[in-house]
Amino acid sequence: MIAMVLVVAILLLLIISASGVYFEASLKSYRNVNSRLLALQVLQDYAELAQKAHAVYVTYNSTVPAPGGCPVNYVQNPAGLPFCWLNQAGADCVRIPTDSTAANPNLAIANVPFCLTAPVTNAQTIMDMTALYIQPRFTRWQQLQAMGEQFLIDSSHVARVALHKLSGGLDQRAWAQLAAAYHPTMVGAPTNDITLYPCNAGASGDTYCKRCAGAPGTTMDCINLKVCMLISRVCPNPQDWYNQRVGVMNR
Amino acid sequence: MAALAIGSVAMAIVGTLLSNMIEQFQTTNDRLDAEAMANRAQTLLQNVFSQAVDVQDTNAGTIPAVINGGAPTPQPGQILSFGVNDNFSFKQISDTPAAWTTLAVFQREGNGGDPGKLTKVGVFYRRPEATNPNTMGMIFVVQSNDAGNPMTPSTAPGLTYSSEYIDRVTLLEMTKHRHPNFDKVVSLDVHVQVRYQMGASVGLSWCPEADITAATGSCKNTVGRKNIDRYFTILLRNNLVHPVTTNMASTAVSSEERVLGDLYFFQASIPPGQ
């Protein structure tokens with residue numbers, strides 16, 4: 001009798017332990033999806049800020065005589081590129097709405113600010129372009145964690161009864177596809193497909209393929225934006241960053 | 001003797017509990033897979049559609065083959081829509097008589113470097129079957145520049161389980177939003193419904209709810225199931241509103257215009273595994 005109870009107890013312990021691994025993997029998947037969607041939204045919002053910064057430069061430098069550089073209270077960054085950013089603390093921030101419901105009090109603060117790293121001159125060259133860092137300026141990074149943890153809580157009532165998939169792990173097929181959905185190509189010289197469609201490597205008025213580098217007036221002014229979404233707020237490796245290159249077409 | 005009886009009762013109780021636990025866990029396991037797939041639907045479709053570079057709004061109910069070939073003259077991409085409401089709706093099996101439907105074919109920006117590089121994209125839907133309820137609804141996304149194989153369900157390169165896909169789909173709706181002045185798509189509302197099954201002993205069914213209610217074919221209401229609905233909007237931020245050779249409607253300025261004005265987005269680089 002005692003042996004029987006022991007066997008059942010050990011079996012239950014194994015189940016609980018394995019299910020913990022399983023749900024941890026699920027939570028990681030959920031966090032990754034949150035991070036990806038938020039990162040892409042942040043980068044897109046910053047692209048629009050860059051668009052404004054470019055317009056300020058173009059407007060300021062189109063006056064006669066052309067003064068060069070940026071107006072008062074603006075900083076040209078990266079140096080040499082036509083982007084004028086507001087040089088005031090907290091000016092270049094975007095806010096990302098997150099889920100907020102009465103049922104989720106941890107999400108009571110519904111906006112998360114992302115700001116350019118102060119001072120705004122913090123820049124670094126990657127490849128042939130210059131990038132601006134964007135980092136989350138959180139007082140409550142836990143909000144994002146809470147979104148995932150709520151999912152875990154929702155599922156936890158059966159975590160203790162898990163038996164299936166003792167080896168743990170999320171649907172490996174889904175994992176593999178999540179990894180394959182993106183094709184980072186920031187390393188090495190990109191190629192230009194000139195055989196399928198008329199991509200003339202940045203010819204003026206080229207509608208289909210865009211180019212950043214080149215003589216002014218014939219190509220776009222580009223800027224690289226990168227954002228760190230790790231919960232630690234530190235991205236020690238280049239591949240930890242989300243990178244987004246945007247171009248502002250000359251008019 | 002008494003100990004044996006007590007032990008037997010205890011084992012019966014434990015066995016019942018374990019059986020119930022297993023069933024509950026399998027339900028939760030399937031739900032987590034479905035949640036992951038719903039998330040994937042949003043991120044995958046967002047990724048490809050937001051990078052589309054030239055998608056017109058007009059569509060006559062099928063995706064014409066001319067887009068598939070394309071070269072040497074670029075042809076605008078199209079997203080499938082029925083009727084005048086600019087939407088595609090699959091709520092029941094009879095909505096798409098053919099098993100396979102081409103949802104969209106277009107060119108997308110596909111390079112994070114300089115210069116950009118375009119990649120052809122085909123999005124296909126394989127609907128559930130009334131005669132075989134075990135057939136899942138699936139969305140396939142094929143990305144290839146293989147000009148020799150047009151983007152059709154029968155010839156698209158790599159349209160297999162090795163390509164990117166979303167399964168468990170029992171309902172799919174897409175509504176396009178047109179630019180007010182030009183025949184171009186600005187954004188796309190998507191409603192995807194994925195399903196998970198409940199319990200271990202019941203059968204599987206992937207028929208749309210409408211067909212289960214109507215008992216279409218073999219779509220019987222004999223299985224435990226729940227559906228997860230995911231609604232999201234995709235901004236076609238890279239879509240060409242008008243080329244540089246066309247003046248804006250309100251000005252005489254000749255400049256290229258995209259959905260976010262003069263912004264052009266190269267392919268984002270995502271951390272591996274994210």
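The values are calculated or read from the model by the stated rules, or taken from the named source; none is laboratory data. Quantities reported herein were computed from a predicted structural model and do not represent experimental measurements. Counting neighbours? That spans all protein chains shown, and the Cβs are built from the backbone with ideal geometry, glycine included. Accessible surface areas use protein heavy atoms only, side chains included; no ligands, DNA or RNA. Shrake-Rupley method; radii C 1.70, N 1.55, O 1.52, S 1.80 Å.
Rounded to the nearest 0.05, what FRET efficiency do B:Thr213 and B:Asn85 have when you use their Cβ-Cβ distance and R0 = 25 Å?
E(calc), rounded to 0.05, equals 0.60.
Extending each Cα 7 Å along its Cβ direction at B:Ala5 and B:Asn20, get the distance between those two points in nm, one decimal.
2.4 nm
Of A:Lys52/A:Lys210; A:Lys226/B:Lys226; B:Lys176/B:Lys220; A:Lys226/B:Lys120, which sit over 29 Å apart, Cα to Cα?
A:Lys226/B:Lys226; B:Lys176/B:Lys220
Can you give me the relative contact order of the range B:2-258 as a percent, contacts being Cα pairs under 8 Å and 6 or more apart?
That works out to 21 percent.
Give the interface area between chains B and A as buried accessible surface, both sides summed, probe 1.4 Å, in Å² to the nearest 100.
Interface between B and A: roughly 7100 Å².
Pulled fully out, how much extra length does the chain show between B:Lys220 and B:Thr131, if you take 0.36 nm times their separation in residues and subtract their Cα-Cα distance?
That pair, B:Lys220 and B:Thr131, stretches by 31.0 nm at full extension.
How big is the equivalent ellipsoid of the range B:2-258 along its three axes, where each semi-axis is √(5λ) from the Cα gyration tensor, reported in whole Å from largest to smallest?
Whole-Å semi-axes of the equivalent ellipsoid: 45, 19, 17.
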